[in-house]
Amino acid sequence: MKKILMAAIIISIAVLLFLYAVPIIQKQRLLSTGNEIRILLVYHPDYLKEAPHILAAYESVLQEEGVPYESLDVYQLISIKAGEAAKRVPAIILPDTILQGVPPEFSEWTKQYLSQGGNVAIIYDAGTKHQKGYYLQRAAFTDLAGINYMTFDTEGGKALDRGHIRFTSEESRIFFQFPLGKTIDRLTISGYGYGALDYPIARNESIRDLPEKNIYAYAVTAANRKFPAILLSDYAQGKVLYIDLPIGRMKADSADDLPLRAILRTFLFDVLGIPHIMNVESGRGGVVINWHIDSAVEYNTLPQMQQMALLRKNIASSFDITAGDFRDNPGDGLGFDACGKGRPLAEMMKEYGSIGSHGGWGHNWFAKNIEDGIFKEKEIRENIVKNNKCLETITGYKIAEYAAPVGVHPQPVTTRILEDLGIVAYYYTGDTGSGPNRTFYAGKMVSEKVIAFPIMPFGRSASLYEMNVLDKKKDGNVSEWLSDILAYAARNRTIRLVYSHPYDIKHYPGAVKAFMDKVEAMQQDKEIAVRSMSDFAHFFLRFLKTTYTFHRKGNGLSVTLTNPEGLVGISVAIPKKLYNPPAEREYTITEDGEYFYVTISANDTKLSFLCARR
């Protein structure tokens, strides 16, 4: 009995040592890495236990954007001197949901950090609760934000409300990297199929005069009350960003990736100029032109596309094909019949890009059977495999990308099937307006191996058919939307997908022709790249295997990169206001107003370079 008791005591001590050792290790990591630069994601351990997926969502976006970061317990952070943290941590993110409570001294610590040149992003409900769990009368970071964003005392039960997010100007929208198509009226954030989106917001009240130039967007309630939703201010020697949206929860739970990604990119890259590596090859943004081929009507429209020069060998599109000989019901003869009557056209499409799978053999039939609950995982898999096998006899290569018929893509079942089949990319009607990402569904990352490519909407529409029939968009509107996609991708050095069907072109032939001409010109000038989903996804997956560090070294910035699959095409963004590009000439150097982009030309698996201080 004594032996059992002694064993229990030893186990208990070991558990306690482990629980206390983990935060100590975290602290030592922050203190022991010399002058390594990274940003911090701060969490409260009690709130993290309830919502670990929120931290995972933030971490996923930072990983995908090449940002050096560390996640740290708030109690460990305040044990480090604020001035010491500011030397190596250019920004601290205080996330929604997992930092609702903070130690009382943390707000003062944060002020000291800002006074030493640090920068802070306050998201939605960070610091709104007492350590005992009830809401505070005044949020912990009220002084920093210039607004109190916990107003139960004055607003009662409506302190937490819902509202639309409306930018104060087009310049504000563009600055925060929201594309034109993600709005319903050029300013109000919208969603495909929904129109203006209704978001959770906190009613807030200012504690001092807020210059209008600091407010980039308002939350507008059903009663037409306005509250600052994106607020960027100076504080001491740093910048403070306040966001009145639970952007981490939206990414993790609602398949709404763009707000978290766009806001973090703007704050870290455009406002603060943090060095980072880039998820686009050679540091160049791009577009996916995704054509869905799903019925016999395309026997006429595809030759017309050729005649109109809308298919071009130097513009590699994604052609995703539903291969069966029926569309709505077996035997109706309305399918594309890729291995029969449609084969010559399928062979022709190989010359203009990559062929992928558009689902399960019969377009509308497949989607309806899934929606009606008739097709489960077994049937979904069987029909995708059948579709792929037909297409592979045409392509001579393994199908690597997928588009769900009618957008019916039950998560995570379908993506798990795609991963099993070796497919690396899929068109996605969630996360609309955003770039390629490892999407989340119901609080979990769906796959680390299959990349979602969200569609670029135009308000509540996405295809040219929807724009014409549902929304009555004019030619000029569609031309502007298409042009904006290209400008957005080039300016922000990111990837976006635009999709439609060949039979939709009849609604806007002039707009599509102008778009293809502009695509060709921008690609020739190396402003953008045009590739298939699968091509972009292969690079993205390789990029994710890159490890990297940024160290302040002497009078410069030391960069170290490692990738077991090779570094060729990987680019590093170096802030121009602080550093010169590396002197070595084995790199390709491009630049814009804010950054030098150092692209690796040799396929080494590890290398380092030094950028001298200006």
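The values are calculated or read from the model by the stated rules, or taken from the named source; none is laboratory data. Keep in mind it's a predicted model, so treat the numbers as computed, not measured. So basically every Cβ, Gly included, is an ideal-geometry build from the backbone, and we count neighbours across all protein chains shown.
Here are some notes:
- Among the candidates Gly331, Gly353, Gly362, the residue that is at pLDDT 95 or above, surrounded by 23 or more Cβ atoms within 10 Å (Cβ to Cβ) and over 20 Å from Ala425 (Cβ atoms) is uniquely Gly362.
- Given (1) surrounded by fewer than 22 Cβ atoms within 10 Å (Cβ to Cβ); (2) farther than 19 Å from Ile247 by Cβ; (3) in contact (Cβ under 8 Å) with a residue 60 or more places away in the chain, number of the condition Gly118 does not satisfy: (1)
- Taking the range 422-467 as the range and being of a type in the set (Asp, Glu) and within 22 Å of Arg493 (Cα to Cα) as the test, only Asp431 passes.
- Meets criteria (closer than 30 Å to Val280 by Cα, in contact with a helix residue (DSSP H, G or I) (Cβ under 7 Å, 6 or more places away or on another chain) and not basic (Lys, Arg)) for Gly66: no
- Among the residues of the range 245-301, none is identified as buried (at least 24 other Cβ atoms within 10 Å of the Cβ) and modelled with pLDDT under 95.
- Residue count for the range 144-159 under the criterion of being under 21 Å from Tyr216 (Cα atoms) and surrounded by fewer than 18 Cβ atoms within 10 Å (Cβ to Cβ): the result is 0.
- The set of residues in the range 563-580 being within 9 Å of Gly273 (Cβ to Cβ) and in contact with an Asp or Glu (Cβ under 8 Å, 6 or more places away or on another chain) consists of Pro575, Lys576, Lys577.
- Any pair with Cβ under 8 angstrom, 6 or more apart, that starts in the range 314-340 at a residue that is on the phi > 0 side of the Ramachandran plot and assigned by TED's automatic domain parsing to the domain that holds Tyr428 and ends at one that is modelled with pLDDT under 95 and surrounded by fewer than 24 Cβ atoms within 10 Å (Cβ to Cβ): none
- Check on Thr588, of a type outside the set (Gly, Ala, Ser), under 28 Å from the mean Cα position of the chain (by Cα) and modelled with pLDDT of 95 or more: no
- Residues satisfying the stated conditions in the range 550-570, i.e. outside any loop (DSSP other than H, G, I, E, B) and under 18 Å from Phe596 (Cβ atoms): Phe550, His551, Arg552, Lys553, Gly556, Leu557, Ser558, Val559, Thr560, Leu561
- Considering only residues in the range 195-225 that are closer than 20 Å to Pro246 by Cα and among the acidic types (Asp, Glu), the one that is farthest from the chain's Cα centre (by Cα) turns out to be Glu205.
- For the range 593-600, the criterion of being surrounded by fewer than 20 Cβ atoms within 10 Å (Cβ to Cβ), more than 22 Å from Ser483 (Cβ to Cβ) and outside the structural domain of Glu65 (by TED's automatic domain parsing) is met by at least one residue.
- Entirely in the range 91-203, the helices (runs of 4 or more DSSP H) that have 1 or more residues that are farther than 20 Å from Tyr235 by Cα: 152-155, 170-175
- Selected residue (criterion: nearest to Leu557 (Cα to Cα)) from residues of the range 84-134 that are more than 24 Å from the chain's Cα centre (by Cα) and of a type in the set (Asp, Glu): Glu84
So that you can scan it fast, the table gives a plain yes or no per residue for (1) more than 24 Å from Val288 (Cβ to Cβ); (2) among the charged types (D, E, K, R):
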{"site": "Phe319", "(1), (2)": "no, no"}
{"site": "Ala338", "(1), (2)": "no, no"}
{"site": "Arg343", "(1), (2)": "yes, yes"}
{"site": "Glu347", "(1), (2)": "no, yes"}
{"site": "Gly356", "(1), (2)": "no, no"}
{"site": "His363", "(1), (2)": "no, no"}
{"site": "Asn369", "(1), (2)": "yes, no"}
{"site": "Lys386", "(1), (2)": "yes, yes"}
